[in-house]
Amino acid sequence: AQEKYASLRDKPALTACGETIALHMNAGLMADLPSLENSGADGVGLFRTELQFLLRNAVPKRSELAALYSRVMDAAGGRRVAFRTLDIGSDKVMPYMKRPDEPNPAMGWRAVRVGLDKPGVMRMQLQALIRAANGRPLSVMFPFVSQASEFDSARAQLLREIDREAALGHVLPASLEIGAMLETPSLAYAARRFFETADFISIGGNDLKQFFFAADRENELVRRRYDTLSISFLTFIEEIVKRCADTGTALSFCGEDAGRPLDALALAATGLRTLSMRPASIGPVKSMLRRADLDVVRDIIERARAEGVESTRPALLKYVSSFDD
Ligand code: PEP
Ligand code: MG
């Protein structure tokens with residue numbers, strides 16, 4: 001199987017019906033970067049910056065972060081890297097940062113909420129990213145944005161740092177893309193203005209699914225209970241795709257489900273054109289997409305919807321079982 005995927009490395013994820021899906025990889029460590037070449041990923045759709053913070057016993061220095069981010073961009077060799085600002089709280093806890101005791105940290109003071117309320121670390125991180133880009137294009141996305149005003153504030157913070165860096169005489173990024181991660185259902189229903197302001201939106205499917213079904217992603221008792229391939233979840237994804245299409249906002253999906261071939265197939269059928277996943281999933285997902293006709297997948301979804309079937313999984317499994325190996 002490894003050889004089969006290796007032979008696909010330089011081929012596009014072009015479906016049998018002629019639609020091309022961009023496959024990006026998720027990363028968080030320097031050690032992940034060689035996978036960009038090996039997997040044939042089109043870019044890094046999610047760089048989880050909190051891993052650097054979790055590995056140390058103190059907040060890293062701005063110069064250390066800038067050097068690291070610069071090496072990440074070097075390793076990407078001009079391919080896009082979407083740097084996600086610090087997503088701490090919830091399941092990612094830094095022992096050296098004092099945190100309030102929270103009854104429900106996943107729905108608590110985490111991610112961009114911390115970055116907006118206590119901007120020190122986020123500002124330092126944004127400065128490091130601008131310095132790392134040093135004349136190259138820069139993509140930044142903010143995690144766990146729940147409403148438009150949070151995105152506006154985070155975006156304004158980044159633009160302020162750009163102005164400050166310019167005033168200090170630093171070279172600015174050649175271009176700047178500012179995006180939001182859509183991880184709470186509320187953001188899907190933000191005003192049109194939000195979709196117009198965001199340069200791109202990345203669906204954080206792990207968190208989005210947790211909040212859509214109210215099922216803790218960390219809790220073994222419930223985390224596999226609800227299906228990504230259910231009509232309810234796919235209909236919700238279709239709604240997000242539609243809202244982004246209306247404003248021409250670039251949309252991607254970067255939760256773990258994007259790396260499951262059958263789930264990737266359904267996500268592509270809803271209209272998603274960029275999926276980001278762990279590097280080892282790129283081969284299997286590409287192999288699946290190259291054999292699939294998304295019109296057939298869309299028919300299967302429509303039929304399940306019309307018939308009131310809860311999940312499209314059985315019908316999709318049946319469809320892909322006709323693919324030969
Ligand atoms: C997600 O929530 O889907 C996501 C990509 O971010 P993380 O898994 O780091 O929360
Ligand atoms: Mg998340």
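In a simple Cβ point-charge model (Lys, Arg +1; Asp, Glu -1; nothing else charged), the chain has a dipole of about 700 debye relative to its Cα centre.
For VAL44, the residues whose modelled amide H falls within less than 5 Å of its own, excluding neighbours fewer than 5 places apart on the same chain, are MET25, ARG80, VAL81, ALA82.
Solvent-accessible area per residue in the chain equals 44 Å², computed with a 1.4 angstrom probe and all protein chains kept. Annotation: lysines with alpha-carbon distance below 21 angstrom to LYS286 (same-chain offsets under eight excluded): LYS4, LYS11, LYS318. If R0 is taken as 45 Å, the Cβ-Cβ distance between GLN2 and GLU239 corresponds to a FRET efficiency of 0.75. Working note: Cα atoms of segment 55-115, range along each principal axis, descending, whole Å: 43, 23, 16. Taking a straight Cα-Cα cut-off under 19 Å and skipping sequence neighbours fewer than 8 places away in the same chain, the lysines within cross-link reach of LYS98 are LYS61, LYS118.
Lysines within cross-link reach of LYS209: Cα-Cα under 23 Å, excluding same-chain residues under 8 positions apart? Once the sequence-local lysines are set aside, what remains near LYS209 is LYS92, LYS242.
Nonpolar atom fraction for the chain, defined as the carbon and sulfur part of the 1.4 Å probe accessible area, stands at 52 percent. Across all directions, the average projected area of the convex hull around the alpha carbons of segment 5-104 is 8.8 nm².
Just subtract the alpha-carbon distance of ASN134 and ALA174 from 0.36 nm times their residue separation and send over the number in nm, one decimal.
13.6 nm
In percent, rounded to a whole number, the relative contact order of segment 175-325 is 21, using alpha-carbon pairs under 8 Å and six or more apart.
Taking the Cα centre of segment 55-113 as reference, the dipole from Cβ charges on Lys and Arg (+1) and Asp and Glu (-1) amounts to some 200 debye. Net charge near LEU51, counting Lys/Arg +1 and Asp/Glu -1 over other residues with Cβ under 12 Å of its Cβ? Neighbour charge sum, excluding LEU51 itself: +1. Modelled label positions at ALA58 and ALA250, each set 7 Å beyond Cα in the direction of Cβ, lie 3.7 nm from each other.
Report the Stokes-Einstein translational diffusion coefficient (µm² s⁻¹, integer) for segment 108-182, Rh taken as the Kirkwood radius over Cα pairs, at 37 °C with viscosity 0.692 mPa s. My calculation gives 262 µm²/s for D.
Taking ASP293, ASP101, ASP216 and ordering them by how much accessible surface each has at a 1.4 Å probe, largest first, produces ASP101, ASP216, ASP293. Projecting the Cα atoms of PHE151, GLY77, VAL112 onto the charge dipole of segment 72-184, computed from C-beta unit charges around the Cα centre, puts GLY77 farthest toward the positive end.
The values are calculated or read from the model by the stated rules, or taken from the named source; none is laboratory data. Remember, it's a predicted structure, so these values are computed and weren't measured experimentally. No Cβ is skipped: glycine too gets one built from the backbone with ideal geometry, and neighbour counts run over all protein chains shown. Calculation scope for accessible area: heavy atoms of the full protein, side chains included, ligands and nucleic acids excluded. Shrake-Rupley method; radii C 1.70, N 1.55, O 1.52, S 1.80 Å.
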